[in-house]
1. Being outside any helix (DSSP H, G or I) and surrounded by fewer than 20 Cβ atoms within 10 Å (Cβ to Cβ) is the filter here, so list the residues in region 377-396 that pass it.
2. Looking at region 30-62, which of its residues are assigned to a helix (DSSP H, G or I) and under 29 Å from the mean Cα position of the chain (by Cα)?
3. Keeping to region 363-376, report how many residues are hydrophobic (A, V, I, L, M, F, W, C) and open to solvent by less than 30 Å² (accessible area, probe 1.4 Å).
4. If I ask for residues that are among the polar types (S, T, N, Q) and surrounded by 17 or more Cβ atoms within 10 Å (Cβ to Cβ), which ones from region 339-362 would you list?
5. Restricting attention to region 302-315, which residues are open to solvent by 20 Å² or more (accessible area, probe 1.4 Å) and within 14 Å of residue 372 (Cβ to Cβ)?
6. How about region 191-291: which helices (runs of 4 or more DSSP H) wholly inside it have at least 1 residues that are at pLDDT below 95 and either of a type in the set (Val, Ile, Thr) or surrounded by 15 or more Cβ atoms within 10 Å (Cβ to Cβ) (or both)?
7. Give me the pairs: first residue in region 194-208 and closer than 16 Å to residue 54 by Cβ, second residue part of a helix (DSSP H, G or I) and acidic (Asp, Glu), beta-carbon distance under 7 Å, and six or more apart or on different chains, which are they?
8. Among the residues of region 129-148, how many are of a type outside the set (S, T, N, Q), out of contact with any Asp or Glu (no Cβ under 7 Å at 6 or more places or on another chain) and closer than 24 Å to residue 293 by Cβ?
Amino acid sequence: MCLAMAIAAASLTLASGIHAAESSDTVVLGDPALTAGIPGEGPLKLEELNKWLADPANHKALKVELPYGLNAAAGQITGLDANPMTRAKIELGRQLYFDPRLSSDGTISCASCHAPEFGWAFQSQFGIGVDGQQGNRNSPVSFNRILSGAQFWDGRAATLEEQAVGPIANPIEMANSHEFCVETLKKIPGYKVQFEKIFGDGVNIDNVGKAIATFERAIVTGPAPYDYYEVVRSFEQQFPADELEFLEEDDPELYKKYADAQEKAKGMSESARRGREIFFSEKGNCTACHAGANFSDELYHNLGIGMDVEKPDFGRFEVTKEEKDRGAFKTPTVRNVTQTAPYMHDGSLKTLEEVVEWYDKGGHPNPYLSDKMKKLNLTEQEKTDLVNFMKACTGEFPVIESGRLPQ
């Protein structure tokens, strides 16, 4: 009976995939009400913004919960002590994220390189900025950032707020200055009134960073077939087949949780289930870096990518100047990875199949290669199974309004 109660408690959120909020100030990230914009159509009018800002509920600090599956990483939530989330701040950050007026020529927004339609990354090998300038790194994803402190592939930004304003002044990305960006925003009445009401001290680059970071923290992945399969797997490991057969009669409520999980785990094919076993095994060794509910240890590793050229990108080393960090880059999440090709910091691997091949061969040998890299000697079927498992780690993104900007 204790086992059944434990399984039931662990699966209380399965009917909806998210934990129900207990009060009006508690929200589950992924709720479209947070990111779908101020209701209405067309550009945001000043009267609409003033009405929105006049509602005290939009300025209350929110207690946030993560969607089912990702909620196992609740202890990793970062940044809210210094920059509490409010509905008004999320909405302001949404506007700024999609507004190309933050760039020098009004052509590039945050979404130009971190686009919802491309898994909050981009389909090009490298980021592309003002005048078609091309960087030397692939666009990292901007979802599940609430679980991450240091940002960028090399961790050079200590916080999400710092990261949010970095591209504005990058000559290859938005090619602007923080000063000119602030002056531009001050001239837009809809922004001016929001910054004054939300922050008190008006438009400045620190507040721009706080708003964008708050919006980005609201972008999270919803539960994936993998998450529901874990519940199915738990049931099937703990209950013998003959007991499961009679569970519907003996405990209809508990059986319903099992049946609901089975339905939502359909994306975990037999191949994906075998891939899961490889992923979590010593043979696959994937969780040496892709650990936890977000499948990332948030650390930096040299996989040998790009180390076979005359002048390699040394990544984390350029930040720390420590020899051990030469060629090391941050571990990305596996969640929704099927939507974020191409892969690796330099976008050199175009498919998940290529990624698995790279790991299978143990990467490219170099003096700084991570000790976690080793030849896997997988069969062709095992490689396919691994890819199918990663595909089953895909959940829904929040509904986003990308238009409706102040004029």
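The values are calculated or read from the model by the stated rules, or taken from the named source; none is laboratory data. A quick note: this is a predicted structure, and the numbers were derived from the prediction, not measured. Heads up, the Cβs are rebuilt from the backbone with ideal geometry, glycines too, and the neighbour counts pull from every protein chain shown. We work out accessible area using only protein heavy atoms, side chains counted, and drop any ligands, DNA or RNA first. Shrake-Rupley method; radii C 1.70, N 1.55, O 1.52, S 1.80 Å.
1. We begin by selecting, within region 377-396, every residue outside any helix (DSSP H, G or I); these are 377-379, 392-396.
If the condition is that a residue be outside any helix (DSSP H, G or I) and surrounded by fewer than 20 Cβ atoms within 10 Å (Cβ to Cβ), then 377, 378, 379, 396 are the ones that fit.
2. Answer for region 30-62, where residues must be assigned to a helix (DSSP H, G or I) and under 29 Å from the mean Cα position of the chain (by Cα): 32, 33, 34, 35, 49, 52, 53, 57, 58, 59.
3. The number of residues fulfilling the criteria is 2.
4. Listed by number, the residues that qualify are 339, 340.
5. Passing the criteria: only 303.
6. 225-238, 241-250, 252-264
7. none
8. 5
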